[in-house]
Each structure stands twice: as structure tokens, then as C-alpha cells.
Amino acid sequence: MPSLDNIVNNINRHGYYKQPKGGLGRFFLFCLTAGVLYLGGDAIFSHINKNQDVPSDPITTEEIITENPTKIDPEIKIGYGLENIDDGYIISIEEKTADKPYLLSPDMLRLVEDVKGIKNDYKKAEKLYRIVDSNVKYGENKRINGYRNSVEVLETAEGVCGESTILYITLARLCGLKANYVSVDIDFSGDDVNHACAGVQLQDKGFVLVDNAYSGGFDIKHKDFTVRSDEEFERIFSMWRN
């Protein structure tokens, strides 16, 4: 089987990957966004300036938009580290400059190699929380033209609350969890905030909030929040990028 780096290099150069002789015999699509994701020192944040981290929210909604899931061909996923991805997400391929938040890189596949085999969803989600804390510090240096996507967050090893949330959601989906962006208006302490965290649906615990910008932010109990569908959040993210 070709190396992961070789596959990604082919995708970056040609826009696709074709399995050599005797392989799958089809183009390999690596991005997963929406979802749609592309393939293409320890820090726990004890406190943040919550009212300055997230741009003003231009869109509100009462519920998540639900779409018919598109099945992922298991023959494509197996062998490339994608076998855990839930069938509710689709695979597509686009330019690296596209305004999409949830992008997948080879480094992310390596980062979660030991996580995907964890059977208990709660433990898996908690392990991913620790991984993001270990690899991303709270970032004061925001991207020049707006929010970072997941690849940029991991590469720069920093991010404000919404940016670390984007990375967490990407890793969670890669590991088979259903996760969404969550806008927070009142945090667990009762403070009015302009904040963001991830929301994860777990088989054994139900809906859990994961907040890498708070110390002890796994399964945190924020009091007022809105769960964003990918369709909503991608529109918001696109405006934040420009």
C-alpha cells in the first residue's frame, strides 16, 4: 500500500489519487467536510477573555438542520485511516484555500491513531480533549484574514476558543463521533459570554459539551448555547475568513 504522504502529495499535485496497479482502481477522495472533511507544550486554558474570542454571530437557529446521510464506500475508507468515520458524513475534494473549517491532514491521522480503537465513546471523546489541550495553546495571534481552519490550528499549535473547537470536531469525526460547533451565550458559571465549544453525541452519555478553552472543560455544563449545523457554521466561518 502506498504511504499516506505519497497519497496526499498526489492529491495536492493532481487533485486526485489513483490507486496503482491492482488496487482499488478508482479515484480516492480525501476531504471530509460537513460534513465535509478534507484529507488533502501541554496547555490547559485556565481562563480566557471569553467576550472577545468569537465574532458576533450573524445567524441564529432553533435546531440543527438534518440532511439525508450519504453513505461512504467502506472499500474506500479501509486502509487509509478513515474506517471509523460515521456514515452521516460525506467525502468530497476541493482546493486547500476553500473556506471550509473541518479539514483533515496526515498529521491528524497519526495524532489519533491510538484513539480510534477505544470502544467507549465517552473515554474516546475525553482522550481527544486531552490531545487538543496537549497540542494547541490559547492563541492571541489571530489569522490575518480571519479564523483558522483545523489544519492551520494544528500547524500553528494555537487557537482561540472557536478555532480549537474546529480542530476538536475534526478529530472527533475522524474517530467515529458525531460532533458539532456550539455557540455559547451563558457559560457554566452563569457569565454572559461570546464563546464557542464542541458538542458531541455519545452513545453512553448522550449530548456532551467539550470546551478546550476552559480548565476541566470536558463534559462542561454551559447554561445557554446553540448547536450549529454544518450548513449554518460554514456560512458563518466563510464570513469570518474574509
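The values are calculated or read from the model by the stated rules, or taken from the named source; none is laboratory data. Please read all numbers here as calculations on a predicted model, not as lab measurements. A quick note on method: Cβ atoms are made from the backbone with ideal geometry, for glycine too, and the neighbour counts reach across all protein chains shown.
Listing for the model above:
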item	result
So LYS100, is it at pLDDT below 95, over 13 Å from the mean Cα position of the chain (by Cα) and either among the small types (Gly, Ala, Ser) or not in a helix (DSSP H, G or I) (or both)	no
Residue in the range 211-231 that is buried (at least 23 other Cβ atoms within 10 Å of the Cβ) and aliphatic (A, V, I, L, M) present	yes
Top-ranked residue of the range 138-156 - restricted to ones that are assigned to a helix (DSSP H, G or I) and in contact with a Leu (Cβ under 8 Å, 6 or more places away or on another chain), ranked as farthest from GLY216 (Cα to Cα)	VAL151
Residue check for GLY159: out of contact with any Leu (no Cβ under 8 Å at 6 or more places or on another chain) and either modelled with pLDDT of 90 or more or surrounded by fewer than 24 Cβ atoms within 10 Å (Cβ to Cβ) (or both)	no
Selected residue (only one of TYR129, TYR168, TYR122, TYR181 is over 16 Å from the mean Cα position of the chain (by Cα) and not in a loop (DSSP other than H, G, I, E, B))	TYR122
Scope the range 210-242; condition of a type in the set (A, V, I, L, M) and at pLDDT 90 or above; matching residues	VAL210, ALA213, ILE220, VAL227, ILE236
The one condition in (1) assigned to a helix (DSSP H, G or I); (2) more than 11 Å from the chain's Cα centre (by Cα) that GLY190 fails to fulfil	(1)
Conditions (1) out of contact with any Asp or Glu (no Cβ under 9 Å at 6 or more places or on another chain); (2) under 17 Å from GLU126 (Cα atoms); (3) not in a strand (DSSP E or B); (4) not small (Gly, Ala, Ser); number of the one not met by ASN212	(1)
